[in-house]
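Data block below; observations after.
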Amino acid sequence: MSPKRVLIVNGSYPVAGLDIFKKNNVETEVFPHMDYEQDFMEVLKQNLNGYDGLIWNTKHRLTAEILDLAGPQLKAISAMASGIDNFDLDELKKRGIPLGNTPNVLNNAVADIGVGLLISAARKFKEGVSMIERNEWKFGVQWILGQDIAGSTVGVIGLGGIGQAVVRRLKGFDVSRFLYCGRSDKPEAKLLGVERVPLQELLEESDFVVLVCPLTNETRHLINADTLKMMKKNAVLVNIARGEIIDHVALYEALKNEQIFAAGLDVVSPEPIPADHPLLALPNCYLIPHLGSATIETRNKMAVNAAKNIILAFEGKSMLYPTY
Ligand SMILES: O=C(O)C(=O)CO
């Protein structure tokens, strides 16, 4: 029997993941283009056909068209991410093609970035760095004053694995109250001391609002002009989930008018964000380029688990992390 073949979409893949395929006698091809290139999808569509498995590590949507182009022999797909908002799940279910993802192993790395952004935005790192760069270091007792984490209320929207890891970290910062909202009651909340409240209450009472929920039809633009109005004037908004959860036009207005204190964003819409985007010009918007899971160790683990998802499906078994 000829070996199964897997196309790995988007530029490169950690050796740790490639080794798993090799050990299991699966041939791999790494599609050499990066998904921010203009003609990425066009070229990909011409090179998709004939593979038994796909690692879809790109923000571009995997649609029925892609599945048609890939061909009927396609037996398994894995994301190399926790979020699967870029997949047409209904279409995959209809065709019986299993989709895996790589949750859990990235919880700590993403939560670290969340806490980093929370501190950076609350303590005005961007403004401070820019003052140094402009030779305007003019210390005074009222200069570059931020917000305290100690004694604050932190609201987490989405208390999944990453949300829980954020709370665990912030427990060391003497936060006075943790709130969460989400689709369901989380049994872990009690142990962590996090109270479930409706969204409006969370927004009205939190000094820090951390977005850690998946992007769905319900959460798209969850943070908009109306919900931003519910937030406190001193509130810091952190997004480590998906850019589309925030209406960025409304966020720009809220930050510019100091309706909220600051935002720390690891994710935006679109990605990559154009360098002349108005949000980048705001001193109270601290933005980094989707670095959530970007550590060597975490990416290795994600690559290994995505490879295991595919191999298990080839063996007719349930994936390590099936999404449906
Ligand atoms: O895994 C994901 O979905 C991420 O975006 C990690 O940052």
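None of the figures in this text is laboratory data; all of them are computed from the coordinates on show. Computed from a predicted structure; not experimentally measured. Cβ sites come from the backbone with ideal geometry, for glycine too, and all protein chains shown count toward neighbours.
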Radius 15 Å from Cβ of residue 50, net charge of other residues (Lys, Arg +1; Asp, Glu -1):
0
Could you check what % of the DSSP bridge pairs in the stretch 139-207 are antiparallel, to the nearest 5?
0 percent
Computed over the chain: relative contact order in percent, which uses C-alpha pairs under 8 Å that are six or more apart
20 percent
Set of lysines near residue 317 by C-alpha distance (under 23 Å), chain-local residues within fewer than 8 positions excluded:
4, 22, 23, 75, 93, 94, 301, 308
With N denoting the number of residues in the stretch 169-224, provide Rg(C-alpha) divided by 2.2 N^0.38 Å, to two decimal places.
1.18
Identify all aspartates and glutamates with a Cα-Cα distance to residue 256 below 15 Å; exclude those on the same chain that are fewer than 8 residues away in sequence.
127, 247
Is the chain rounded, prolate or oblate when judged by the Cα gyration tensor, a ≥ b ≥ c being the square roots of its eigenvalues, rounded requiring a/c under 1.5 and prolate requiring a/b larger than b/c?
prolate
If you find the alpha carbon centre of the stretch 297-311 and of the stretch 1-40, how far apart are they in angstrom?
12 Å
Grab the DSSP H runs of the chain that are 4 residues or longer, score each as -39,500 (n - 2.57), total them, divide by all residues and round the 222 nm result to the nearest 500 deg cm²/dmol.
-10000 deg cm²/dmol
Hey, what did the stretch 102-226 get for relative contact order, percent, Cα under 8 Å, at least 6 apart?
28 percent
